[in-house]
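Following: one structure in structure tokens, then a few remarks.
The values are calculated or read from the model by the stated rules, or taken from the named source; none is laboratory data. Note that the structure is predicted; figures quoted are calculated from it, not measured. With ideal geometry, Cβ positions are generated from the backbone for all residues, glycine too; neighbour counts draw on all protein chains shown. The accessibility values were calculated without ligands, DNA or RNA, using every heavy atom of the protein model including side chains. Shrake-Rupley method; radii C 1.70, N 1.55, O 1.52, S 1.80 Å.
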Amino acid sequence: MHRLARPILCALAVLAATGLHTIVFAAPPEKDLAAFGPTFPARRLKPHQATATVEARGDAHVVRLTTESGSGWNGVRIQPADKDWHLAAYEGVAMDIRNTGPDAVTVYLRVDNAKASDRHRSTMGLARVDPGCQTTLRVPFAHYAPKVEGVALFGMRGYPVATKGDTRGRMDASRVTGLAVFTLPPETGALEVTRIRAYGSAAPTPEARLTAETFFPFIDTYGQYIHRDWPGKTRGQSDLAAAREAEAKDLAAHPGPDNWNRYGGWADGPQFPATGFFHPVRYEGRWFLVDPDGRLFFSHGIDCVRWSGATPITDRDGWWRDFPGNEPAFKAFFGGTRHVVRDYYQGKHPRTFSFTNANLARKYGDGWQATATDLAHRRLRSWGLNTIGNWANDAIYLKRRTPYVATVNFYSPPIEGSSGYWGKFKDPFHPDFERKVRQSMEREHDRTAGDPFCLGYFVENEIAWGNETSLALAALASPADQPAKKAFLADLKKTYGTATRLNEAWGTAHKSWDALLASTVKPDAKRAGDDLRAFYTRLAERYFRICRDAVKAVAPKQMYLGCRFAWVNDLAARAGATFCDVVSYNRYQRTVGDFRLPEGVDKPVIIGEFHFGALDRGLFHTGLVPVASQASRAEAYKAYVRSAIAHPQIVGCHWFKYRDQSSTGRPLDGENYQIGFVDICDRPYPETIAACREVGYALYPPAGYGPTK
């Protein structure tokens, strides 16, 4: 490396970690939070899977931190000298940190309140630090939303004003109870923390000056929050035109990686037999996908490549300024929904409006759907993405310009005694189960089946697998006509012969098999555990076998990708691995470096969903994994994707999702997350796009990959 290269890299790292601020406030003097020195109390350092000691470095002292390779976070918690730090007057916390190890490492800094978790009552920042470099990692506070008397909002997950339970990614800076400095698997690091301090001045809270009369309306004609400003906010038609022109130049300058073939596979990597379809292969000690042309392929993708973005408008008169639905040109963007799973609109049928579609029509004019379709494919390639993930518009993916996954959904009767976040578990013993999944898959004839651009099929999404006895217990808690219950009793009769012998084993008092069939009382899960787990395994294997057979009957050369596990246990995971070509997980964590399949299971894995979000771009909720800023979101993206590429079983990861959700919530459940690559006005987030390009353009050769054969 040239002698000037490392200082330049270090300087760039500082800029990336710091971010850009367009508004400057007079700052109070910086406040040191931990004066490291020979008398610094060891009790204030709480290592976790790490060593942390105060050591002299020249005229100063530092915390020498060496992280280990355990699962979860590996680092040190730094406690205040007293109960907490009072930092309400400051913008955030800054930490100077040096990487003294041989490898680049992503360093995390979390600022906590009491009872903090990774997602609640805390604020998180992170930065990539090259070996030999020092950077300043800044974590701006994301304060609890202020209270405005007389303002009561509903139908959203996050709110601009105080609402009970709305704590994700937010905190009370007046009561900081500790800091955590750490790395995440698969990375370890040798680091020196030289200084930690509160910096800057807390910006005035716009809502604090508002009343109920001045708060409303609070959403502008573009669907954006009125009472705050941020970089990239759209203020008029001229901004949309300027953004369109600027992006056209950017896409022309970044057409996509040079070493990709038409599918986004590794054009100059090893050659495998060209089967005409995507398939998994184990090679050089790890799993890969192979594209239809026989080249190694890592599925770097994004979900929900679509328009829509509707939000409920029923009972929300007065929320909107210059509501576009009042104009004839936007009447087509009204709609409605009958499927609401929770919150204010559950059981109702609210009318909806799509600000997203209105903005696309404003930005691209007549034929905006065709323009947006073409643009989606060009964007993905330019950004270093090679896969359209779940929930996309078929009008987009059926252009067959970008590889995609397809989805099979269906309705069949559930196990009545079951429960789950998205609903009850479908009964795979019910005759409708096999019939309905086959009917749904048969609709893919002459659409996606046989299409070389289609990787394969997810069947269902985030279903309620529970623990290793839950579905067997749910069957027993169901009515007597439940097919799964009848199947379970048939197994028990084979095992025990008589109800008396079953009672002896379970500690129950059923007078007969018919009495057990009629009962909905669950047995003791410990005493009945072996039988419950045996039936759970049978049920799970039947579920995956039927789904696999339905996929292969219509698309025999394409992959069955599973059900996108969100909540899962080892029995379900083993059953999935038995029948899936690739096992899918939706994994909302900061890394997949410590991801493990059940012991002894070796199958390729695809991550169907992950994301990060912040509160600095006008939305009211971070999504499931919060970060402090767009700069931190970009770093979090890179860290996650790199951990997936480096994992020997993971063959792809898909971000959720292409566009931000509506500020006032989606109809299904009120989600209003800042999780898009583009905002509601179709403007890409530059920090996230730069991060995506950085990892996407370096996708091949994969991390840890050996020499080409």
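Heavy-atom surface analysis with a 1.4 Å probe gives the chain a carbon and sulfur content of 52 percent of its accessible area. Ignoring aspartates and glutamates fewer than eight residues from Lys363 along the same chain, the ones with Cα atoms less than 19 angstrom from its Cα are Asp220, Asp239, Glu245, Glu247, Asp250, Asp322, Glu327, Asp374, Asp660, Asp679, Asp682. With the convex hull drawn around the C-alpha atoms of the range 240-355, the volume per residue stands at 209 Å³. Across the chain, Cα pairs under 8 Å and at least six residues apart give a relative contact order of 15 percent. If you wrap the range 50-138 in the convex hull of its Cα atoms and look at it from every side, the mean projected area works out to 7.2 nm². Relative to the longest principal axis of the Cα atoms of the chain, the long axis of helix 368-383 lies at roughly 70 degrees. On the beta carbon distance between Asp317 and Gln369, with R0 = 30 Å, the FRET formula returns roughly 0.50. With 0.36 nm allotted per residue and the present C-alpha distance subtracted, the Arg596-Ala241 stretch has 123.1 nm of extension available. Annotation: per residue accessible area for the chain equals 40 Å², rounded to a whole number [probe 1.4 Å, protein chains only]. Return the distance in nm (one decimal) between the two label points of a simple spin-label model at Tyr411 and Ala395, each offset 7 Å from Cα along Cα→Cβ. About 2.5 nm, to one decimal. For the range 551-709, the direction-averaged projected area of the alpha-carbon convex hull comes to 11.8 nm².
Across the range 138-274, Cα pairs under 8 Å and at least six residues apart give a relative contact order of 20 percent. I need the shape label for the chain. Rule: rounded when a/c is under 1.5, else prolate if a/b > b/c, else oblate, with a, b, c from the alpha carbon gyration tensor. Since a/c stays below 1.5, the shape of the chain is classed as rounded. For the range 286-312, the residues whose backbone nitrogen is under 18 Å from a point 7 Å from the Cα of Leu668, taken along Cα to Cβ, are 302-312.
Projecting label points 7 angstrom from Cα along Cα→Cβ for His349 and Arg262 puts them 4.7 nm apart. Between Ser308 and Ala208, the FRET efficiency from the beta-carbon distance, with R0 = 25 Å, is close to 0.10. For the residue pairs Lys424/Lys494; Lys557/Lys603; Lys46/Lys638, alpha carbon separations beyond 22 Å are given by Lys424/Lys494; Lys46/Lys638. If the segment from Lys331 to Ala553 were pulled out straight at 0.36 nm per residue, it would be longer than the present Cα-Cα gap by 75.6 nm. Legend: calculated FRET efficiency, Trp230 to Ala81, from the Cβ-Cβ distance at R0 = 41 Å, rounded to 0.05, equals 0.70.
With an a/c value of 1.5 or above and a/b not larger than b/c for the gyration tensor axes a ≥ b ≥ c computed over the alpha-carbon atoms, the range 287-379 is described as oblate. Applying the Karplus relation 6.51 cos²θ - 1.76 cosθ + 1.60 with θ = phi - 60° to the range 579-595 yields 3J(HN,Hα) values of 10, 8, 6, 9, 8, 10, 9, 9, 10, 8, 9, 8, 7, 10, x, 9, 5 Hz, where x marks Gly and Pro. Checking the Cα-Cα distances for Lys348/Lys657; Lys399/Lys426; Lys83/Lys233 against a 31 Å cut-off, the pairs over it are Lys399/Lys426; Lys83/Lys233.
Considering Cα pairs under 8 angstrom that are at least six residues apart, work out the relative contact order of the range 602-689 and quote it in whole percent.
Numbers: 162 pairs, mean separation 28.1, N = 88.
After rounding, I find 32 percent.
Given a 1.4 Å probe and the protein chains as shown, Trp230 ends up with an accessible area of around 30 Å². In sequence order, the range 180-190 has phi-based couplings of 10, 10, 7, 10, 10, x, x, 7, 10, x, 10 Hz under the Karplus curve 6.51 cos²θ - 1.76 cosθ + 1.60, θ = phi - 60°, and Gly or Pro positions carry x.
How would you classify the range 409-510 from its alpha-carbon gyration tensor, with a ≥ b ≥ c the square roots of the eigenvalues: rounded for a/c under 1.5, else prolate if a/b is greater than b/c, otherwise oblate?
prolate
Straight Cα distances below 16 angstrom link Lys147 to the aspartates and glutamates Asp166, Asp172, Glu207, Glu213, with same-chain residues fewer than 8 positions distant left out.
Relative to the longest principal axis of the Cα atoms of the chain, helix 630-646 runs at roughly 50 degrees.
Taking Cα atoms only, the orientation of helix 483-496 departs from the longest principal axis of the chain by about 70 degrees.
For the chain, DSSP calls about 70 percent of its internal beta bridges antiparallel. For Lys522, a cut-off of 15 angstrom between C-alpha atoms picks up these aspartates and glutamates, skipping any fewer than 8 places away in its own chain: Glu416, Glu468, Asp530, Asp531.
For the peptides 670-682, 628-640, 568-580, 48-60, the ranking by packing is 628-640, 670-682, 568-580, 48-60, with the highest mean count of neighbouring Cβ atoms within 10 Å listed first. In nm, what is the difference between 0.36 nm times the number of residues separating Asp514 and Val341 and their Cα-Cα distance? Net length gain for the segment: 58.7 nm.
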